[in-house]
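Working notes, beginning with the structure itself.
The values are calculated or read from the model by the stated rules, or taken from the named source; none is laboratory data. In this text the structure is predicted, and so the values were computed from the model without any measurement. Reconstructed Cβ throughout: ideal geometry from the backbone, glycine too, with neighbour counts over all protein chains shown. Please note that ligands, DNA and RNA were not included when accessible areas were found on the heavy atoms of the full protein model with its side chains. Shrake-Rupley method; radii C 1.70, N 1.55, O 1.52, S 1.80 Å.
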2 protein chains.
Amino acid sequence: EIIQQAAEVFDNQLLTGKHVVITAGPTRESIDPVRYITNKSSGKMGFALAEAAAEAGAKVTLIAGPVYLPTPSRVERVDVIRAVDMYETCMDVVENGCDVFIATAAVADYRPTVTADHKIKKSTEEIHLTLVKNPDIVASVAEHAKRPFTVGFAAETQDVMAYAQGKLVNKKLDMIATNDVSGTNVGFNSDNNALTVIWPSGHKVLPLASKAQIAKQLIELIAIRYKD
Amino acid sequence: EIIQQAAEVFDNQLLTGKHVVITAGPTRESIDPVRYITNKSSGKMGFALAEAAAEAGAKVTLIAGPVYLPTPSRVERVDVIRAVDMYETCMDVVENGCDVFIATAAVADYRPTVTADHKIKKSTEEIHLTLVKNPDIVASVAEHAKRPFTVGFAAETQDVMAYAQGKLVNKKLDMIATNDVSGTNVGFNSDNNALTVIWPSGHKVLPLASKAQIAKQLIELIAIRYKD
């Protein structure tokens, strides 16, 4: 029955005429020309959402960090490396107007204060690295004068629900999707995922399924909440 | 004529009965369960060398950091993540006896002193990270009582030849292959490479070619020098 409902929604092309912007993958924050800080995000969830949104009729812009994935058909892809580049690209797109923003990217929260021009030599026993906060992309989108329906992701390893609820409120999001990445069968680099999706007046559990199936269900949920 | 010479050497199966150990790819040094420090090594050069060594008749052990590459046929592959794991794996293999060791891996020179058990929260404006030196794998191999013929790689962005010569002497290597990764058409993640190969009594330039061709030429050079 759920599958049929989903099929009906997709038949209805719920997002036709809507511009959906999705961020995906990690970012890289350079220490020097060869070394960088990054994280385990594969980009698979964001790419699956881009595909599902396009299938639901949306115009899709996918802003991707460095990942090893092909671009889904009918999706416009913009590749970025650093968090500050992803931030600027997102702000430009929001400034030009979009309807839904889904932030799946695992943006580096911090970057080195300086990037060395040349490869750091292995001379000293210790290196002291100072990292500064990167801009908070999804919070900046949600605060924008032309704010779209804004969906965040929370990948946590502890107190998952509490942190996700906190982010929903503090970042003024319309919806947040959360998973526990401390296990090995969901989340980062897995082909499967399980999400708990939270919005101000409710929540829904999307049980373990392929990222493609989870993406369709989440796009459906976003389309319904967006129309409310 | 060069191609014919190379073909003859490979026909001769110059490395038959020899055990060649090759390290490849980057390593990952965890900051917390999702964040890590790494570098731009794709592993392509090491994998090409493993294939070329197997074609020259060697038994090949390929000790690989996290890369997105298929294992060449007739090559035994051991996957590792951290520099300390790569170090221990290499020491075990050398302890058990091998003939040639080729260190193409871009091993992280430093690792965070502590790895946080849980994802670090974006609470403070700055983070101060202390990194400590990782063991020097190729130097440890060259110093080992059962030292094989030891070949290092030097990926530099400045004063390439001077640094490579210094490494050859300081690390007591038999040979070092060096390239300048500051350009974009060779080295990291490229399918092409150009090397200058240096040994105590001479050097040879391997001009720009595919990594597969460069690998065959370097394996030939190693086989010749090893027999001297």
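Listing for the model above:
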{"quantity": "Efficiency of FRET between B:K133 and A:S140 - r from beta-carbon atoms, R0 41 angstrom, step 0.05", "calculated": "0.60"}
{"quantity": "³J(HN,Hα), Karplus 6.51/-1.76/1.60, whole Hz, each residue of segment A:148-159, x for Gly, Pro", "calculated": "x, 5, 10, 10, x, 10, 10, 9, 10, 10, 7, 6"}
{"quantity": "Gap separating the Cα centres of segment A:131-181 and segment B:67-93, nearest whole Å", "calculated": "38 Å"}
{"quantity": "Rounded to 5, percent antiparallel among DSSP beta bridges of the protein assembly as shown", "calculated": "45 percent"}
{"quantity": "Difference of contour (0.36 nm per residue) and Cα-Cα distance, A:S201 to A:E125", "calculated": "22.0 nm"}
{"quantity": "Assigned charges on the beta-carbon of Lys, Arg, Asp, Glu; the protein assembly as shown dipole about Cα centre (debye)", "calculated": "180 debye"}
{"quantity": "Cα-centred dipole magnitude for segment B:1-143, charges only on beta-carbon of K, R (+1) and D, E (-1), debye, nearest 20", "calculated": "600 debye"}
{"quantity": "Solvent accessible area, Å² - B:E143, 1.4 Å probe, full protein context", "calculated": "130 Å²"}
{"quantity": "Label 7 Å beyond Cα on the Cβ vector: A:H118 copy-to-copy distances, nm", "calculated": "4.4"}
{"quantity": "Top of A:K122, A:K133, A:K59 by mean-square fluctuation, Gaussian network on chain A, Cα under 10 Å", "calculated": "A:K122"}
{"quantity": "Solvent exposure of chain A as accessible area per residue, Å², 1.4 Å probe", "calculated": "44 Å²"}
{"quantity": "Rg [Å, one decimal], Dmax [Å, integer] - chain B, C-alpha atoms", "calculated": "17.9, 64"}
{"quantity": "Accessible area (Å², 1.4 Å probe, nearest 10) - B:Y163", "calculated": "80 Å²"}
{"quantity": "With all protein chains modelled, accessible area of B:I81 [1.4 Å, Å²]", "calculated": "80 Å²"}
{"quantity": "Accessible-area ranking of A:M86, B:M161, largest first, probe 1.4 Å", "calculated": "B:M161, A:M86"}
{"quantity": "Selected from A:E95, A:E156, A:E125 as most flexible by GNM, with chain A as the system and alpha-carbon contacts under 10 Å", "calculated": "A:E125"}
{"quantity": "Distances in nm from B:E95 to the matching label points in the other copies, shortest first (labels 7 Å along Cα to Cβ)", "calculated": "6.0"}
{"quantity": "Where rotation carries A onto B, the chain A residue whose Cβ is nearest that axis, in whole Å", "calculated": "A:L129, 2"}
{"quantity": "Residue-wise HN-Hα coupling along segment B:138-146, computed from phi with Karplus coefficients 6.51, -1.76, 1.60 (Hz; x: Gly, Pro)", "calculated": "5, 5, 5, 5, 5, 8, 5, 4, 9"}
{"quantity": "Peptide A:105-111 - average C-beta neighbours from other chains (10 Å radius)", "calculated": "3"}
{"quantity": "Apportionment of accessible area to carbon and sulfur, the protein assembly as shown, percent (1.4 Å)", "calculated": "50 percent"}
{"quantity": "For segment B:1-124, with +1 on Lys and Arg beta carbons and -1 on Asp and Glu, the positive-most of B:A48, B:V67, B:T104 along the dipole", "calculated": "B:V67"}
{"quantity": "Share antiparallel - DSSP beta bridges, segment B:19-161, percent rounded to 5", "calculated": "20 percent"}
{"quantity": "Ranked order, B:F47, B:F153 - accessible area, probe 1.4 Å, largest first", "calculated": "B:F153, B:F47"}
{"quantity": "Chain A: relative contact order as a whole-number percent, Cα under 8 Å and 6+ apart", "calculated": "20 percent"}
{"quantity": "Relative contact order for segment B:97-226, counting Cα pairs under 8 Å that sit 6 or more residues apart, in percent", "calculated": "17 percent"}
{"quantity": "FRET efficiency for B:N170 and A:R147, using Cβ-Cβ distance with R0 set to 56 Å, rounded to 0.05", "calculated": "0.45"}
{"quantity": "Nearest-first distances (nm) between copies at A:K204, label 7 Å from Cα via Cβ", "calculated": "6.5"}
{"quantity": "Non-local Lys pairs in segment A:1-141, i.e. 8 or more apart or on different chains, that have alpha carbons under 26 Å apart", "calculated": "9"}
{"quantity": "Taking segment B:17-108 and dividing mean pair separation by its residue count, relative contact order in percent (alpha carbons under 8 Å, at least six apart)", "calculated": "43 percent"}
{"quantity": "Shielding by partners - mean other protein chain Cβ count within 10 Å, residues of B:36-42", "calculated": "5"}
{"quantity": "Ranked order, A:H144, A:H118 - accessible area, probe 1.4 Å, largest first", "calculated": "A:H118, A:H144"}
{"quantity": "Zone of B:T113's modelled label, taken as backbone nitrogen in segment A:98-116 under 12 Å from a point 7 Å along Cα→Cβ", "calculated": "none"}
{"quantity": "Estimated [θ] at 222 nm from DSSP helical runs (n ≥ 4, -39500 (n - 2.57)) normalised by residues in the protein assembly as shown, nearest 500", "calculated": "-9500 deg cm²/dmol"}
{"quantity": "Residue mean of other protein chain beta carbons inside 10 Å, B:19-32", "calculated": "1"}
